[in-house]
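**Student:** Dumping the structure here so I can ask a few things about it.
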Amino acid sequence: MKTFDFTPKMVSALRNYNRQTFMADLMAGVIVGIVALPLAIAFGIASGVSPEKGIITAIVAGLAISALGGSKVQIGGPTGAFIVIVAGIINQYGMQGLTIATLMAGIFLIGFGLLRLGTIIKYIPYPIIVGFTSGIAVTIFTTQVKDLLGMQIEGTVPGDFIERWIVYFQNLGHIDLWSTVIGLTSVVIITITPKLSRRVPGSLVAIIVMTIVALLLKEYAGITTIETIGDRFSINSQLPDAVVPELSWETVRGLVAPAMTIAVLGAIESLLSATVADGVIGDHHNSNTELIGQGVANIVSPLFGGIPATGAIARTMTNINNGGRTPVAGIVHAVVLLLIFLFLMPLAKYIPMACLAGVLVVVSYGMSGWRSFLALMRNPKSDVTVLILTFLLTIIFDLTVAIEVGLLCACLLFMRRMSETTDVKAISDEIDLNEDADMERGNLIHLTIPKGVEVYEINGPYFFGAGNRFEDIMSRYGQRPKVRIIRMRKVPFIDSTGLHNLENMCLMSQKEGITIVLSGVNEKVETVLKRNHFDRLLGAENICNHIDLALARAEELIKK
(Lines give C-alpha, C1' and ligand atoms only; values in the text may rest on other atoms or scores of the structure.)
Protein backbone atom coordinates (compact mmCIF):
# COMPACT_ATOMS: atom_id res chain seq x y z
CA MET A 1 0.00 0.00 0.00
CA LYS A 2 1.33 3.40 -1.02
CA THR A 3 2.18 5.61 1.96
CA PHE A 4 0.87 9.15 2.07
CA ASP A 5 3.37 11.76 0.94
CA PHE A 6 3.05 14.99 2.92
CA THR A 7 5.77 17.25 1.54
CA PRO A 8 5.17 21.01 1.83
CA LYS A 9 6.39 23.03 -1.14
CA MET A 10 8.64 24.92 1.26
CA VAL A 11 10.93 21.85 1.39
CA SER A 12 11.63 21.74 -2.36
CA ALA A 13 11.65 25.55 -2.70
CA LEU A 14 14.58 25.94 -0.28
CA ARG A 15 16.84 23.37 -1.95
CA ASN A 16 18.23 25.75 -4.57
CA TYR A 17 17.30 28.98 -2.84
CA ASN A 18 19.54 32.00 -3.49
CA ARG A 19 19.82 35.70 -2.76
CA GLN A 20 18.14 36.75 -6.01
CA THR A 21 15.09 34.62 -5.30
CA PHE A 22 14.95 35.92 -1.74
CA MET A 23 14.96 39.56 -2.90
CA ALA A 24 12.11 38.81 -5.32
CA ASP A 25 10.14 37.04 -2.57
CA LEU A 26 10.87 39.86 -0.13
CA MET A 27 9.53 42.54 -2.46
CA ALA A 28 6.46 40.47 -3.35
CA GLY A 29 5.79 39.64 0.31
CA VAL A 30 5.94 43.31 1.36
CA ILE A 31 3.52 44.34 -1.38
CA VAL A 32 1.11 41.48 -0.68
CA GLY A 33 1.20 42.30 3.03
CA ILE A 34 0.20 45.89 2.29
CA VAL A 35 -2.54 44.70 -0.09
CA ALA A 36 -3.83 42.21 2.50
CA LEU A 37 -4.10 44.78 5.30
CA PRO A 38 -7.31 46.59 4.26
CA LEU A 39 -8.89 43.34 3.09
CA ALA A 40 -8.16 41.58 6.39
CA ILE A 41 -9.71 44.47 8.33
CA ALA A 42 -12.73 44.65 6.03
CA PHE A 43 -13.36 40.89 6.02
CA GLY A 44 -13.04 40.76 9.80
CA ILE A 45 -15.56 43.54 10.39
CA ALA A 46 -17.98 42.22 7.75
CA SER A 47 -17.84 38.78 9.38
CA GLY A 48 -19.01 40.25 12.67
CA VAL A 49 -15.69 40.28 14.55
CA SER A 50 -13.31 43.09 15.50
CA PRO A 51 -10.83 44.36 12.88
CA GLU A 52 -7.76 42.97 14.63
CA LYS A 53 -9.16 39.43 14.40
CA GLY A 54 -9.11 39.72 10.63
CA ILE A 55 -5.43 40.72 10.71
CA ILE A 56 -4.58 38.00 13.24
CA THR A 57 -6.15 35.47 10.88
CA ALA A 58 -4.05 36.75 7.97
CA ILE A 59 -0.90 36.55 10.11
CA VAL A 60 -1.35 33.16 11.76
CA ALA A 61 -3.20 31.30 9.01
CA GLY A 62 -1.18 32.96 6.25
CA LEU A 63 2.05 31.82 7.88
CA ALA A 64 0.82 28.22 8.29
CA ILE A 65 -0.55 27.99 4.74
CA SER A 66 2.72 29.22 3.20
CA ALA A 67 4.93 27.06 5.42
CA LEU A 68 2.92 23.82 5.21
CA GLY A 69 0.87 24.11 2.02
CA GLY A 70 1.28 22.35 -1.30
CA SER A 71 1.57 25.45 -3.48
CA LYS A 72 4.66 27.60 -4.01
CA VAL A 73 2.84 30.92 -4.25
CA GLN A 74 -0.43 30.49 -2.36
CA ILE A 75 -1.33 33.40 -0.06
CA GLY A 76 -3.80 32.51 2.67
CA GLY A 77 -6.01 34.51 4.97
CA PRO A 78 -9.62 35.56 5.52
CA THR A 79 -11.68 35.83 2.34
CA GLY A 80 -15.03 37.19 1.28
CA ALA A 81 -16.42 33.70 0.76
CA PHE A 82 -16.48 33.11 4.52
CA ILE A 83 -18.25 36.34 5.50
CA VAL A 84 -21.75 34.93 5.22
CA ILE A 85 -21.13 31.63 7.00
CA VAL A 86 -18.98 33.22 9.76
CA ALA A 87 -21.57 35.92 10.48
CA GLY A 88 -24.29 33.28 10.65
CA ILE A 89 -22.35 31.11 13.10
CA ILE A 90 -21.58 34.08 15.35
CA ASN A 91 -25.25 35.12 15.39
CA GLN A 92 -26.36 31.63 16.37
CA TYR A 93 -23.49 30.27 18.48
CA GLY A 94 -21.35 33.29 19.38
CA MET A 95 -17.57 33.58 19.13
CA GLN A 96 -17.10 30.37 21.12
CA GLY A 97 -19.16 28.52 18.53
CA LEU A 98 -17.17 30.04 15.68
CA THR A 99 -13.91 28.98 17.31
CA ILE A 100 -15.10 25.39 17.68
CA ALA A 101 -16.55 25.28 14.14
CA THR A 102 -13.27 26.56 12.67
CA LEU A 103 -11.27 23.98 14.64
CA MET A 104 -13.58 21.23 13.40
CA ALA A 105 -13.26 22.53 9.83
CA GLY A 106 -9.48 22.34 10.18
CA ILE A 107 -9.73 18.72 11.29
CA PHE A 108 -12.04 17.95 8.35
CA LEU A 109 -9.58 19.55 5.93
CA ILE A 110 -6.71 17.46 7.28
CA GLY A 111 -8.94 14.43 6.91
CA PHE A 112 -9.64 15.37 3.27
CA GLY A 113 -5.91 15.51 2.64
CA LEU A 114 -5.13 12.24 4.41
CA LEU A 115 -7.92 10.52 2.46
CA ARG A 116 -6.43 11.84 -0.80
CA LEU A 117 -9.49 13.95 -1.60
CA GLY A 118 -7.36 16.73 -3.07
CA THR A 119 -9.22 16.35 -6.35
CA ILE A 120 -12.47 17.23 -4.57
CA ILE A 121 -12.85 20.33 -6.71
CA LYS A 122 -13.38 18.12 -9.77
CA TYR A 123 -16.48 16.62 -8.22
CA ILE A 124 -18.21 19.90 -7.36
CA PRO A 125 -20.40 20.85 -10.35
CA TYR A 126 -19.48 24.20 -11.87
CA PRO A 127 -23.05 25.62 -11.63
CA ILE A 128 -22.93 25.09 -7.86
CA ILE A 129 -19.61 26.94 -7.55
CA VAL A 130 -20.88 29.87 -9.64
CA GLY A 131 -24.26 29.82 -7.89
CA PHE A 132 -23.01 30.08 -4.33
CA THR A 133 -20.14 32.42 -5.26
CA SER A 134 -22.57 34.82 -6.92
CA GLY A 135 -24.95 34.43 -3.99
CA ILE A 136 -22.16 35.26 -1.53
CA ALA A 137 -21.29 38.34 -3.59
CA VAL A 138 -24.87 39.60 -3.48
CA THR A 139 -25.05 38.93 0.26
CA ILE A 140 -21.78 40.77 0.93
CA PHE A 141 -23.03 43.76 -1.05
CA THR A 142 -26.28 43.68 0.89
CA THR A 143 -24.51 43.73 4.25
CA GLN A 144 -22.47 46.79 3.22
CA VAL A 145 -25.28 49.06 2.04
CA LYS A 146 -25.84 50.50 5.53
CA ASP A 147 -22.20 51.54 6.02
CA LEU A 148 -21.72 52.58 2.39
CA LEU A 149 -24.57 55.10 2.66
CA GLY A 150 -24.05 55.93 6.33
CA MET A 151 -27.63 54.96 7.19
CA GLN A 152 -28.77 55.78 10.70
CA ILE A 153 -30.90 52.77 11.60
CA GLU A 154 -32.31 52.24 15.07
CA GLY A 155 -31.86 48.77 16.53
CA THR A 156 -30.18 45.81 14.89
CA VAL A 157 -30.36 45.33 11.14
CA PRO A 158 -32.09 41.98 10.38
CA GLY A 159 -29.87 39.18 9.15
CA ASP A 160 -32.49 37.92 6.69
CA PHE A 161 -31.84 39.08 3.12
CA ILE A 162 -35.38 40.21 2.30
CA GLU A 163 -36.03 41.78 5.70
CA ARG A 164 -32.71 43.63 5.49
CA TRP A 165 -33.67 45.26 2.18
CA ILE A 166 -37.09 46.17 3.57
CA VAL A 167 -35.36 48.00 6.44
CA TYR A 168 -33.03 49.73 3.97
CA PHE A 169 -35.95 51.06 1.91
CA GLN A 170 -37.74 52.16 5.06
CA ASN A 171 -34.68 54.20 6.09
CA LEU A 172 -33.80 55.85 2.78
CA GLY A 173 -34.49 59.17 4.46
CA HIS A 174 -31.71 58.54 7.01
CA ILE A 175 -28.80 58.41 4.55
CA ASP A 176 -25.74 60.45 5.51
CA LEU A 177 -24.53 62.45 2.50
CA TRP A 178 -20.88 62.69 3.59
CA SER A 179 -20.58 58.96 4.32
CA THR A 180 -22.12 58.22 0.93
CA VAL A 181 -19.57 60.46 -0.78
CA ILE A 182 -16.73 58.75 1.12
CA GLY A 183 -18.04 55.29 0.19
CA LEU A 184 -18.70 55.95 -3.50
CA THR A 185 -15.44 57.85 -3.92
CA SER A 186 -13.61 54.85 -2.42
CA VAL A 187 -15.20 52.61 -5.06
CA VAL A 188 -14.06 54.99 -7.81
CA ILE A 189 -10.49 55.15 -6.45
CA ILE A 190 -10.22 51.36 -6.16
CA THR A 191 -11.54 50.99 -9.71
CA ILE A 192 -9.24 53.50 -11.41
CA THR A 193 -6.02 52.83 -9.45
CA PRO A 194 -5.07 49.66 -11.44
CA LYS A 195 -5.29 51.71 -14.64
CA LEU A 196 -2.65 54.07 -13.28
CA SER A 197 -0.42 51.55 -11.47
CA ARG A 198 -0.87 47.81 -11.11
CA ARG A 199 1.65 47.61 -8.28
CA VAL A 200 -0.18 49.97 -5.93
CA PRO A 201 -3.28 48.39 -4.31
CA GLY A 202 -6.36 50.49 -4.95
CA SER A 203 -7.93 49.53 -1.63
CA LEU A 204 -4.93 50.88 0.28
CA VAL A 205 -4.95 54.11 -1.72
CA ALA A 206 -8.67 54.55 -1.03
CA ILE A 207 -8.24 53.94 2.70
CA ILE A 208 -5.34 56.39 3.04
CA VAL A 209 -7.00 59.13 0.97
CA MET A 210 -10.46 58.75 2.49
CA THR A 211 -9.12 58.56 6.04
CA ILE A 212 -7.27 61.84 5.52
CA VAL A 213 -10.36 63.40 3.92
CA ALA A 214 -12.55 62.28 6.83
CA LEU A 215 -10.08 63.72 9.37
CA LEU A 216 -9.94 67.03 7.49
CA LEU A 217 -13.72 67.23 7.25
CA LYS A 218 -14.05 66.59 10.96
CA GLU A 219 -11.27 69.00 11.96
CA TYR A 220 -11.96 71.94 9.65
CA ALA A 221 -15.57 71.55 8.48
CA GLY A 222 -17.11 70.18 11.67
CA ILE A 223 -18.47 67.07 9.91
CA THR A 224 -18.94 64.50 12.68
CA THR A 225 -21.41 62.12 11.01
CA ILE A 226 -18.78 60.00 9.24
CA GLU A 227 -18.50 56.84 11.36
CA THR A 228 -15.03 55.33 11.73
CA ILE A 229 -13.71 52.01 12.96
CA GLY A 230 -12.83 53.64 16.28
CA ASP A 231 -16.44 54.73 16.76
CA ARG A 232 -17.60 51.12 16.59
CA PHE A 233 -14.65 49.08 17.90
CA SER A 234 -11.91 49.40 20.47
CA ILE A 235 -8.62 48.62 18.74
CA ASN A 236 -6.23 46.17 20.42
CA SER A 237 -2.72 45.86 18.97
CA GLN A 238 -1.47 43.03 21.18
CA LEU A 239 -1.28 39.43 20.05
CA PRO A 240 -3.60 37.34 22.24
CA ASP A 241 -2.51 34.19 24.01
CA ALA A 242 -3.56 30.86 22.54
CA VAL A 243 -6.75 29.63 24.20
CA VAL A 244 -8.28 26.20 23.72
CA PRO A 245 -12.10 26.46 23.84
CA GLU A 246 -14.25 24.31 26.12
CA LEU A 247 -15.91 21.58 24.11
CA SER A 248 -19.29 20.03 24.74
CA TRP A 249 -20.95 17.26 22.75
CA GLU A 250 -24.10 19.34 22.19
CA THR A 251 -22.13 22.23 20.70
CA VAL A 252 -19.94 19.99 18.56
CA ARG A 253 -22.95 18.10 17.22
CA GLY A 254 -24.76 21.31 16.36
CA LEU A 255 -21.74 22.71 14.53
CA VAL A 256 -20.97 19.71 12.29
CA ALA A 257 -22.89 21.12 9.31
CA PRO A 258 -21.42 24.67 9.48
CA ALA A 259 -17.94 23.23 10.08
CA MET A 260 -18.27 20.96 7.06
CA THR A 261 -19.43 23.93 4.99
CA ILE A 262 -16.34 25.90 6.06
CA ALA A 263 -14.13 22.92 5.19
CA VAL A 264 -15.68 22.28 1.78
CA LEU A 265 -15.71 25.98 0.92
CA GLY A 266 -12.11 26.35 2.07
CA ALA A 267 -11.06 23.32 0.03
CA ILE A 268 -12.77 24.59 -3.10
CA GLU A 269 -11.38 28.11 -2.87
CA SER A 270 -7.84 27.10 -1.94
CA LEU A 271 -7.58 24.47 -4.68
CA LEU A 272 -9.10 26.84 -7.22
CA SER A 273 -6.54 29.46 -6.27
CA ALA A 274 -3.67 26.95 -6.43
CA THR A 275 -4.85 25.69 -9.83
CA VAL A 276 -5.04 29.22 -11.25
CA ALA A 277 -1.56 29.93 -9.86
CA ASP A 278 -0.18 26.76 -11.47
CA GLY A 279 -1.30 27.96 -14.87
CA VAL A 280 0.55 31.24 -14.42
CA ILE A 281 3.89 30.02 -13.01
CA GLY A 282 3.98 26.66 -14.81
CA ASP A 283 4.08 24.60 -11.62
CA HIS A 284 1.92 21.81 -10.21
CA HIS A 285 0.69 22.02 -6.65
CA ASN A 286 0.23 19.04 -4.32
CA SER A 287 -3.49 19.22 -3.61
CA ASN A 288 -3.50 16.81 -0.65
CA THR A 289 -0.61 18.61 1.04
CA GLU A 290 -2.40 21.90 0.38
CA LEU A 291 -5.52 20.65 2.15
CA ILE A 292 -3.48 19.53 5.16
CA GLY A 293 -1.77 22.92 5.29
CA GLN A 294 -5.16 24.62 5.12
CA GLY A 295 -6.38 22.34 7.90
CA VAL A 296 -3.48 23.20 10.21
CA ALA A 297 -4.06 26.90 9.51
CA ASN A 298 -7.72 26.63 10.49
CA ILE A 299 -6.81 24.81 13.70
CA VAL A 300 -4.18 27.34 14.75
CA SER A 301 -6.03 30.51 13.71
CA PRO A 302 -9.04 30.20 16.07
CA LEU A 303 -6.76 29.42 19.01
CA PHE A 304 -5.52 33.02 18.70
CA GLY A 305 -8.99 34.46 18.14
CA GLY A 306 -8.88 34.26 14.35
CA ILE A 307 -11.59 33.28 11.89
CA PRO A 308 -11.62 30.72 9.03
CA ALA A 309 -8.97 31.15 6.34
CA THR A 310 -8.24 29.77 2.91
CA GLY A 311 -6.20 30.51 -0.19
CA ALA A 312 -7.04 33.92 -1.63
CA ILE A 313 -6.96 34.14 -5.43
CA ALA A 314 -6.53 37.93 -5.62
CA ARG A 315 -3.66 38.04 -3.11
CA THR A 316 -2.04 34.98 -4.68
CA MET A 317 -2.11 36.64 -8.10
CA THR A 318 -0.69 39.83 -6.56
CA ASN A 319 2.14 37.74 -5.16
CA ILE A 320 2.87 36.19 -8.57
CA ASN A 321 2.63 39.48 -10.47
CA ASN A 322 5.15 41.06 -8.10
CA GLY A 323 7.75 38.32 -8.47
CA GLY A 324 6.94 35.89 -5.64
CA ARG A 325 7.94 32.34 -6.56
CA THR A 326 8.36 30.45 -3.27
CA PRO A 327 6.48 30.15 0.04
CA VAL A 328 8.98 32.59 1.54
CA ALA A 329 6.96 35.41 -0.03
CA GLY A 330 3.88 34.27 1.88
CA ILE A 331 5.86 34.16 5.13
CA VAL A 332 7.17 37.70 4.48
CA HIS A 333 3.59 38.83 3.88
CA ALA A 334 2.61 37.46 7.31
CA VAL A 335 5.61 39.17 8.98
CA VAL A 336 4.72 42.51 7.34
CA LEU A 337 1.18 42.22 8.65
CA LEU A 338 2.53 41.39 12.10
CA LEU A 339 4.71 44.51 12.15
CA ILE A 340 1.81 46.68 10.99
CA PHE A 341 -0.40 45.10 13.62
CA LEU A 342 2.07 45.73 16.45
CA PHE A 343 3.10 49.28 15.56
CA LEU A 344 0.46 50.89 13.32
CA MET A 345 -2.80 49.21 14.34
CA PRO A 346 -4.01 52.15 16.51
CA LEU A 347 -4.20 54.26 13.34
CA ALA A 348 -6.89 51.96 12.00
CA LYS A 349 -9.45 53.59 14.27
CA TYR A 350 -9.53 56.62 11.93
CA ILE A 351 -10.58 54.59 8.86
CA PRO A 352 -14.17 55.46 7.79
CA MET A 353 -16.61 52.57 7.81
CA ALA A 354 -17.99 53.83 4.49
CA CYS A 355 -14.55 53.41 2.94
CA LEU A 356 -14.30 49.79 4.12
CA ALA A 357 -17.80 49.23 2.76
CA GLY A 358 -16.55 50.55 -0.59
CA VAL A 359 -13.68 48.06 -0.49
CA LEU A 360 -16.11 45.19 0.08
CA VAL A 361 -18.48 46.43 -2.63
CA VAL A 362 -15.62 46.13 -5.13
CA VAL A 363 -14.75 42.70 -3.70
CA SER A 364 -18.36 41.57 -4.07
CA TYR A 365 -18.42 42.75 -7.69
CA GLY A 366 -15.28 40.76 -8.41
CA MET A 367 -16.76 37.69 -6.72
CA SER A 368 -20.10 37.93 -8.51
CA GLY A 369 -18.82 36.30 -11.69
CA TRP A 370 -21.81 37.74 -13.52
CA ARG A 371 -20.34 36.91 -16.92
CA SER A 372 -20.01 33.24 -15.96
CA PHE A 373 -23.51 33.37 -14.47
CA LEU A 374 -25.03 34.69 -17.70
CA ALA A 375 -23.04 32.20 -19.78
CA LEU A 376 -24.39 29.29 -17.71
CA MET A 377 -27.94 30.52 -18.30
CA ARG A 378 -27.52 29.34 -21.91
CA ASN A 379 -26.70 25.79 -20.77
CA PRO A 380 -29.16 22.87 -20.42
CA LYS A 381 -32.13 23.43 -18.10
CA SER A 382 -30.69 21.06 -15.50
CA ASP A 383 -27.58 23.21 -15.10
CA VAL A 384 -29.66 26.38 -15.00
CA THR A 385 -31.88 24.84 -12.32
CA VAL A 386 -28.90 23.98 -10.09
CA LEU A 387 -27.39 27.43 -10.70
CA ILE A 388 -30.52 29.41 -9.84
CA LEU A 389 -31.45 27.19 -6.91
CA THR A 390 -28.00 27.43 -5.33
CA PHE A 391 -27.91 31.20 -5.90
CA LEU A 392 -31.33 31.82 -4.35
CA LEU A 393 -30.74 29.49 -1.40
CA THR A 394 -27.45 31.27 -0.65
CA ILE A 395 -28.97 34.72 -0.46
CA ILE A 396 -32.33 33.80 1.08
CA PHE A 397 -31.24 31.11 3.54
CA ASP A 398 -27.54 30.39 4.05
CA LEU A 399 -24.52 28.80 2.42
CA THR A 400 -24.87 25.50 4.30
CA VAL A 401 -28.36 24.90 2.92
CA ALA A 402 -27.30 26.09 -0.54
CA ILE A 403 -24.37 23.68 -0.83
CA GLU A 404 -26.34 20.74 0.59
CA VAL A 405 -29.39 21.23 -1.64
CA GLY A 406 -27.27 22.19 -4.65
CA LEU A 407 -25.19 19.02 -4.36
CA LEU A 408 -28.33 16.92 -3.86
CA CYS A 409 -29.96 18.37 -6.99
CA ALA A 410 -26.74 17.97 -8.97
CA CYS A 411 -26.52 14.31 -7.90
CA LEU A 412 -30.15 13.65 -8.87
CA LEU A 413 -29.70 15.35 -12.23
CA PHE A 414 -26.48 13.40 -12.77
CA MET A 415 -28.33 10.16 -12.05
CA ARG A 416 -31.00 11.10 -14.56
CA ARG A 417 -28.44 11.96 -17.22
CA MET A 418 -26.53 8.75 -16.63
CA SER A 419 -29.72 6.71 -16.88
CA GLU A 420 -30.42 8.38 -20.21
CA THR A 421 -27.03 7.31 -21.57
CA THR A 422 -28.07 3.65 -21.40
CA ASP A 423 -30.06 2.68 -24.49
CA VAL A 424 -32.25 -0.41 -24.71
CA LYS A 425 -33.52 -1.46 -28.14
CA ALA A 426 -35.39 -4.39 -29.61
CA ILE A 427 -33.98 -6.22 -32.68
CA SER A 428 -36.44 -7.89 -35.04
CA ASP A 429 -36.01 -10.39 -37.90
CA GLU A 430 -32.21 -10.37 -38.25
CA ILE A 431 -29.01 -9.15 -36.57
CA ASP A 432 -26.37 -7.11 -38.42
CA LEU A 433 -22.95 -8.52 -37.61
CA ASN A 434 -20.85 -6.00 -39.51
CA GLU A 435 -19.82 -4.19 -36.34
CA ASP A 436 -20.29 -6.96 -33.80
CA ALA A 437 -17.47 -7.80 -31.45
CA ASP A 438 -19.01 -10.95 -29.98
CA MET A 439 -19.52 -12.94 -33.21
CA GLU A 440 -17.68 -16.05 -34.34
CA ARG A 441 -18.99 -16.37 -37.91
CA GLY A 442 -16.75 -13.91 -39.71
CA ASN A 443 -18.17 -14.90 -43.14
CA LEU A 444 -21.75 -13.90 -42.30
CA ILE A 445 -23.25 -10.44 -42.51
CA HIS A 446 -26.64 -11.13 -40.93
CA LEU A 447 -28.11 -13.67 -38.54
CA THR A 448 -31.79 -14.56 -38.72
CA ILE A 449 -33.79 -14.52 -35.51
CA PRO A 450 -35.92 -17.68 -35.16
CA LYS A 451 -39.67 -17.40 -34.61
CA GLY A 452 -40.63 -17.32 -30.96
CA VAL A 453 -37.42 -15.45 -30.03
CA GLU A 454 -37.09 -11.78 -29.10
CA VAL A 455 -33.69 -10.06 -29.02
CA TYR A 456 -32.94 -6.96 -26.98
CA GLU A 457 -29.67 -5.05 -26.79
CA ILE A 458 -28.39 -2.88 -23.95
CA ASN A 459 -25.96 -0.15 -24.93
CA GLY A 460 -24.32 1.37 -21.83
CA PRO A 461 -24.05 0.66 -18.10
CA TYR A 462 -26.89 -1.38 -16.67
CA PHE A 463 -28.16 0.54 -13.67
CA PHE A 464 -31.17 2.60 -12.58
CA GLY A 465 -33.64 3.26 -15.37
CA ALA A 466 -32.61 0.42 -17.70
CA GLY A 467 -35.13 -2.01 -16.22
CA ASN A 468 -38.03 0.37 -16.80
CA ARG A 469 -37.03 0.72 -20.43
CA PHE A 470 -37.12 -3.04 -20.83
CA GLU A 471 -40.69 -3.07 -19.57
CA ASP A 472 -41.71 -0.26 -21.93
CA ILE A 473 -40.16 -1.95 -24.98
CA MET A 474 -41.40 -5.45 -24.12
CA SER A 475 -44.94 -4.18 -23.67
CA ARG A 476 -45.01 -3.15 -27.34
CA TYR A 477 -44.86 -6.78 -28.48
CA GLY A 478 -48.30 -8.30 -28.82
CA GLN A 479 -47.17 -11.94 -28.81
CA ARG A 480 -45.43 -13.67 -25.96
CA PRO A 481 -42.09 -15.22 -27.06
CA LYS A 482 -40.62 -18.48 -25.81
CA VAL A 483 -37.10 -17.06 -25.48
CA ARG A 484 -35.78 -13.57 -24.82
CA ILE A 485 -32.14 -12.95 -25.69
CA ILE A 486 -30.53 -9.95 -23.97
CA ARG A 487 -27.34 -8.82 -25.69
CA MET A 488 -24.97 -7.31 -23.13
CA ARG A 489 -21.82 -6.91 -25.25
CA LYS A 490 -21.89 -3.12 -24.72
CA VAL A 491 -22.56 -3.26 -20.97
CA PRO A 492 -19.29 -2.30 -19.20
CA PHE A 493 -20.68 -2.85 -15.70
CA ILE A 494 -23.84 -3.53 -13.76
CA ASP A 495 -24.70 -2.13 -10.34
CA SER A 496 -26.98 -3.37 -7.55
CA THR A 497 -30.01 -1.53 -8.95
CA GLY A 498 -29.41 -3.06 -12.37
CA LEU A 499 -29.02 -6.49 -10.79
CA HIS A 500 -32.29 -6.04 -8.92
CA ASN A 501 -34.15 -4.96 -12.07
CA LEU A 502 -32.64 -7.79 -14.12
CA GLU A 503 -33.55 -10.34 -11.45
CA ASN A 504 -37.16 -9.11 -11.30
CA MET A 505 -37.44 -9.25 -15.08
CA CYS A 506 -36.05 -12.80 -15.15
CA LEU A 507 -38.46 -13.95 -12.44
CA MET A 508 -41.44 -12.35 -14.19
CA SER A 509 -40.41 -13.96 -17.49
CA GLN A 510 -40.12 -17.38 -15.82
CA LYS A 511 -43.65 -17.02 -14.43
CA GLU A 512 -44.82 -16.37 -17.98
CA GLY A 513 -42.95 -19.41 -19.27
CA ILE A 514 -40.29 -17.35 -21.04
CA THR A 515 -36.61 -18.30 -20.88
CA ILE A 516 -34.02 -15.55 -20.59
CA VAL A 517 -30.69 -16.02 -22.43
CA LEU A 518 -27.86 -13.53 -21.88
CA SER A 519 -25.43 -12.89 -24.77
CA GLY A 520 -22.03 -11.23 -25.01
CA VAL A 521 -21.53 -10.93 -21.25
CA ASN A 522 -18.03 -9.64 -20.54
CA GLU A 523 -15.87 -11.22 -17.87
CA LYS A 524 -16.37 -8.42 -15.32
CA VAL A 525 -20.17 -8.44 -15.62
CA GLU A 526 -20.29 -12.24 -15.66
CA THR A 527 -18.34 -12.34 -12.38
CA VAL A 528 -20.89 -10.02 -10.78
CA LEU A 529 -23.79 -12.11 -12.11
CA LYS A 530 -22.33 -15.37 -10.80
CA ARG A 531 -21.55 -13.78 -7.46
CA ASN A 532 -25.27 -13.00 -7.23
CA HIS A 533 -26.22 -16.56 -8.32
CA PHE A 534 -27.64 -15.67 -11.75
CA ASP A 535 -26.12 -18.88 -13.07
CA ARG A 536 -28.52 -20.71 -10.74
CA LEU A 537 -31.47 -18.47 -11.58
CA LEU A 538 -31.10 -18.70 -15.37
CA GLY A 539 -28.92 -21.78 -15.70
CA ALA A 540 -25.24 -21.47 -16.56
CA GLU A 541 -25.97 -22.69 -20.11
CA ASN A 542 -28.16 -19.60 -20.65
CA ILE A 543 -25.29 -17.14 -20.05
CA CYS A 544 -23.43 -17.09 -23.39
CA ASN A 545 -20.26 -15.38 -24.53
CA HIS A 546 -21.55 -14.35 -27.97
CA ILE A 547 -24.70 -14.13 -30.07
CA ASP A 548 -24.06 -17.35 -32.04
CA LEU A 549 -24.21 -19.45 -28.90
CA ALA A 550 -27.24 -17.52 -27.66
CA LEU A 551 -29.19 -18.12 -30.89
CA ALA A 552 -28.17 -21.79 -30.89
CA ARG A 553 -29.36 -22.07 -27.31
CA ALA A 554 -32.63 -20.35 -28.21
CA GLU A 555 -33.25 -22.86 -31.06
CA GLU A 556 -32.70 -25.76 -28.63
CA LEU A 557 -35.24 -24.29 -26.21
CA ILE A 558 -37.84 -23.74 -28.94
CA LYS A 559 -37.58 -27.39 -30.09
CA LYS A 560 -38.26 -28.71 -26.59
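**Student:** As a test, work out the antiparallel percent of DSSP beta bridges whose residues both lie in the chain, rounded to the nearest 5.
**Tutor:** 45 percent
**Student:** Let me ask another. Using only Cα positions of region 257-314, each an equal point scatterer, no hydration layer, compute I(q)/I(0) via Debye at q = 0.18, 0.22, 0.28 Å⁻¹ and quote the log10 values to two decimals.
**Tutor:** Calculated log10 I(q)/I(0) at the listed q: -0.62, -0.85, -1.16.
**Student:** Assuming 0.890 mPa s and 25 °C, estimate D for region 196-319 with Stokes-Einstein, Rh taken as the Kirkwood radius over Cα pairs, in µm²/s. Walk me through the numbers on the way to the answer.
**Tutor:** Working: Rh = 18.6 Å.
Result for D is 132 µm²/s.
**Student:** Once you sort the root eigenvalues of the Cα gyration tensor of region 72-207 as a ≥ b ≥ c, which label holds: rounded (a/c under 1.5), prolate (a/b larger than b/c) or oblate (the other case)?
**Tutor:** Since a/c reaches 1.5 but b/c is at least a/b, the shape of region 72-207 is classed as oblate.
**Student:** Under a cut-off of 22 Å between alpha-carbon atoms, report the lysines in cross-link reach of Lys530, not counting same-chain residues fewer than 8 places apart.
**Tutor:** Filter leaves Lys490, Lys511.
**Student:** Roughly how many percent of the accessible protein surface of region 259-345 is carbon and sulfur, given a 1.4 Å probe and a whole-percent answer?
**Tutor:** 72 percent
**Student:** Could you check the simple spin-label distance between Asp283 and Ala552, using points 7 Å along Cα→Cβ, in nm with one decimal?
**Tutor:** Those two pseudo-labels are separated by 6.4 nm.
**Student:** While we're on this one: Roughly how tilted is helix 51-68, in degrees to the nearest 10 and between 0 and 90, from the longest Cα axis of the chain?
**Tutor:** The helix 51-68 is inclined about 50 degrees to the chain.
**Student:** On a 1.4 Å probe surface of the protein chains, which of Arg19, Arg371 comes out largest in accessible area, and what is the full order?
**Tutor:** Highest to lowest solvent-accessible surface, that is Arg19, Arg371.
**Student:** Got a number for carbon plus sulfur as a percent of region 88-225's accessible area, 1.4 Å probe? Display every interim value, and only then the final one.
**Tutor:** Working: 4800 of 7220 Å².
Carbon plus sulfur share of accessible area: 66 percent.
**Student:** May I pose another question? Taking 7 Å along the Cα-to-C-beta vector as the label spot, tell me the Asp495-Val243 distance in nanometres, rounded to one decimal.
**Tutor:** My value for the distance between the label points is 4.8 nm.
**Student:** Further question on the same structure: Would you mind getting the Kirkwood hydrodynamic radius of region 1-128 from its Cα pairs, rounded to one decimal in Å?
**Tutor:** 16.9 Å
**Student:** Quick one: plug the Kirkwood hydrodynamic radius of the chain (C-alpha pairs) into Stokes-Einstein at 4 °C, 1.567 mPa s, and report D in µm²/s.
**Tutor:** 48 µm²/s
**Student:** Next question. Probe of 1.4 angstrom, ligands and nucleic acids ignored: what's the accessible area per residue over region 55-115, in square angstrom?
**Tutor:** Values: 1550 Å² over 61 residues.
About 25 Å² of surface per residue is accessible.
**Student:** Could you sort Tyr123, Tyr17 by their accessible area in this structure, using a 1.4 Å probe and putting the largest first?
**Tutor:** Tyr123, Tyr17
**Student:** Let me ask you something else. Taking the Cα centre of the chain as origin, work out the dipole magnitude from +1 charges on Lys and Arg Cβ and -1 charges on Asp and Glu Cβ, in debye rounded to 20.
**Tutor:** Charge dipole of the chain: 700 debye, to the nearest 20.
**Student:** Considering only C-alpha atoms, what is the centroid distance from region 322-384 to region 45-75, in Å?
**Tutor:** 12 Å
**Student:** DSSP loop (so not H, G, I, E, B), at most 16 other Cβ within 10 Å: list which GluC sites (Glu not before Pro) in region 188-270 pass both filters.
**Tutor:** Here the GluC sites (Glu not before Pro) that fit, given the DSSP loop and packing criteria, are Glu246.
The values are calculated or read from the model by the stated rules, or taken from the named source; none is laboratory data. Only a predicted model underlies this, so the values are computations on that prediction, with no experimental measurement involved. So basically every Cβ, Gly included, is an ideal-geometry build from the backbone, and we count neighbours across all protein chains shown. Areas reflect the complete protein model, heavy atoms only, side chains present, ligands, DNA and RNA absent. Shrake-Rupley method; radii C 1.70, N 1.55, O 1.52, S 1.80 Å.
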